[in-house]
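Colleague: Just passing along the structure, written as C-alpha cells.
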Amino acid sequence: MKTALFHSEAYGRFDYGATHPLRMERLGLTFALMEALGLTALAGARVVAPTPASESALRGFHTEEYLEVLRAASAGLAVPVPARYGLGPGDNPVWPGCYEASALACGGSIQAAELVAAGEADRAFAFAGGLHHAMPDRASGFCYLNDAVLAIQALRTRGLRVAYIDIDAHHGDGVQFAFYRSADVLTISLHERGDRLFPGTGFVDEMGEGAGRGYAVNLPLEAYTDDAVYLEAFDAVAPPLVRAFRPDVVVAQLGIDGHRTDPLTHLALSVDGFAAAVRRIIELAPRLVALGGGGYDLANVARGWTVAWALMNEVTLPDALPEPFVRLAATHLKGRGLWDRPAPLPAHVVRAAREFAQRQAAELERRVFPIFGL
Ligand SMILES: [Zn+2]
C-alpha cells in the first residue's frame, strides 16, 4: 500500500477575514495532529508539498474571464461588479492571495490525482481541497476554484472511470454541474436537504441529463441525522451504485461539517460516524483520491481528517489526543478525546430523520437503480 498526503505550510499565510467561518488554521491544526500521532512519517506514505495549478489547468473548468477577475481581485485591483462573479462581502470575500491559495488547493488535488493515476500512490489525501461549490464563472460557498472537478478531469484524461462520493453536509453542486451530462463520472452526494441548507439543491430528482441520466445521485438528509441513520442511508445507496458502476478510482470529498457540533449545519454525526463513512468509501475504492471540504468546528476538522488519513494507512489510533496537540489547540478543544462520546438524541427525532432518509433512499432505488440494472 502506497499513500500520499498533500500539505503546504503556505496556507498559514492566507485568511478569509476575521469573522469568516472558514479558518485557514484548520489545515495547520490538522497536520499538527497527524504529526503528533506519527502519521506524517509512516513507511509507505509520502508527504508532498503541492505546487499551484497553472492557469491553463484551471481553464479545464473555469472561464478565462473569471480567472482574470479573480486574479486581479486577489492582487488588490478594483474589479467592476465583483458580485457578478460571486465575489464580495459575505460568503466569498476578496482577500489578498485568494487566487493563489485556491490555485494551490487545486494543484494539490490535481497532483494527488496524477500520483494515483500513475500508480505511484494507491490512496492520496489532499485535505486543503474539496472546494465543491465553485462554478466555472463564479465563486460560491467559500469556494473560488473547484479542485474536485479538476482532479476528476485529470483522472478522466487518462481514461479512468471515476465515482465521486461527497459526504460534506452541503450538496456538491459544482461537481454535479461539471459532469451532469456524463456517464463516465458517477457523482453521489449525501447532504442536509437543500430546502433547509445552502446551496439549495441536491434533490433526488436531480439525476443527470442526456447520456448522464442516472449518473448524478443525491441523497438529502433531515436535520439531526445521527451516525446510525446516516450509515444506513449510505449503505442503502452508495455501495450498490458504486459497485455497479465499477470505477477505476473513487474521488471522495470528506467535508466534516456534518458533525453534530458544526456551527453551520444541522446533521448530527460524530467523529466515529464520520470515520465509519470514510471506512466504507475506502472499501469501495480500487484507488482513492480523498479531498477535504467543509468543517467549521476546528477541533472536528483536525480529528476527522486525522482519523481519515489513519484509515487510509490502516493505522489504529489511541483514544486520547496527544499532549502537544492539546496544548497547541487548547482554545478549540471541547474535550481530550480523539473520538466522540455517544450523545443520543430523543427517539422521535431519530425516527423522523430515519423515515426521511428511508423515503429518499427508496426514491433513488425506484428512479436510479434500474438504470444500473439493480
Ligand atoms: Zn459543507
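The values are calculated or read from the model by the stated rules, or taken from the named source; none is laboratory data. For clarity, every value in this text was computed on a predicted model and none was experimentally measured. Positions of Cβ are backbone-derived with ideal geometry, glycine not excepted, and every protein chain shown enters the neighbour counts. Please note that ligands, DNA and RNA were not included when accessible areas were found on the heavy atoms of the full protein model with its side chains. Shrake-Rupley method; radii C 1.70, N 1.55, O 1.52, S 1.80 Å.
Colleague: Name the residue, out of 154, 216, 352, whose mean-square fluctuation peaks in a Gaussian network model built on the chain with Cα pairs under 10 Å.
Modeller: Looking only at 154, 216, 352, the biggest GNM fluctuation is shown by 352.
Colleague: Given a 1.4 angstrom probe, what's the average accessible area per residue across the chain, in square angstrom?
Modeller: Accessible area per residue, the chain: 38 Å².
Colleague: Give the dimensionless ratio obtained when the Cα radius of gyration of the stretch 53-162 is divided by 2.2 N^0.38 Å.
Modeller: Expressed relative to 2.2 N^0.38 Å, the Cα Rg reads 1.08.
Colleague: Moving to a separate point now. In whole percent, how big is the carbon plus sulfur part of the accessible area of the stretch 281-324, probe 1.4 Å, protein atoms only?
Modeller: 51 percent
Colleague: Need one number: convex hull volume per residue for the chain, Cα atoms only, in Å³.
Modeller: 124 Å³
Colleague: As an exercise, use a Förster radius of 41 Å and the Cβ-Cβ distance of residue 211 and residue 323 to find the FRET efficiency, rounded to the nearest 0.05.
Modeller: 0.15
Colleague: Based on DSSP H runs of at least 4 residues, each adding -39500 (n - 2.57), what is the mean residue ellipticity at 222 nm of the chain after dividing by all its residues, to the nearest 500 deg cm²/dmol?
Modeller: Helix contribution divided over all residues of the chain: -11500 deg cm²/dmol.
Colleague: Go from 0 up to the bin containing the longest alpha carbon distance in the stretch 203-257, width 5 Å each, and give me the % of pairs per bin.
Modeller: P(r) for the stretch 203-257, in whole percents per bin: 4, 14, 20, 29, 19, 10, 3, 0.
Colleague: Which value, in Å² and to the nearest 10, is the accessible area of residue 120 when all protein chains are kept and the probe is 1.4 Å?
Modeller: The accessible area of residue 120 comes to roughly 90 Å².
Colleague: If we restrict to alpha carbons, what Rg and Dmax does the stretch 266-374 come to, in Å?
Modeller: Values for the stretch 266-374 (Cα only, Rg and Dmax): 17.3, 54 Å.
Colleague: Need one number for the stretch 109-249: average projected area of the convex hull over its C-alpha atoms, nm².
Modeller: Here the figure is 8.5 nm², rounded to one decimal.
Colleague: Please state the charge dipole magnitude for the chain, taken about the Cα centre, from unit charges on C-beta atoms (+1 on K and R, -1 on D and E), reported in debye and rounded to the nearest 20.
Modeller: 360 debye
Colleague: Based on the alpha-carbon gyration tensor of the stretch 177-320, what equivalent-ellipsoid semi-axes (square roots of 5 times the eigenvalues) come out, in whole Å, largest first?
Modeller: 25, 19, 12
Colleague: Take the alpha carbon atoms of the stretch 2-125, find their radius of gyration, then divide it by 2.2 N^0.38 Å using N residues; give the quotient.
Modeller: So the stretch 2-125 has a normalised radius of gyration of 1.19.
Colleague: Between residue 195 and residue 65, 0.36 nm times their residue separation minus their Cα-Cα distance comes to what?
Modeller: Roughly 43.6 nm would be gained on extension.
Colleague: What is the P(r) of the stretch 35-74, as percent of Cα-Cα pairs per 10 Å bin from 0?
Modeller: Answer for the stretch 35-74: a P(r) of 23, 30, 16, 25, 6 percent.
Colleague: Determine the share of the stretch 35-127's accessible area contributed by carbon and sulfur atoms, expressed in whole percent, with a 1.4 angstrom probe.
Modeller: Using a 1.4 Å probe with all protein chains present, the stretch 35-127 comes out at 55 percent carbon and sulfur.
Colleague: Given the options 56, 182, 102, which has the most mean-square fluctuation in a GNM of the chain, springs set between C-alpha atoms less than 10 angstrom apart?
Modeller: Highest fluctuation of the listed residues: 56.
Colleague: A further question follows. Given that compact globular proteins tend to follow 2.2 N^0.38 Å, what is the ratio of the alpha-carbon Rg of the stretch 134-178 to that value?
Modeller: 1.17
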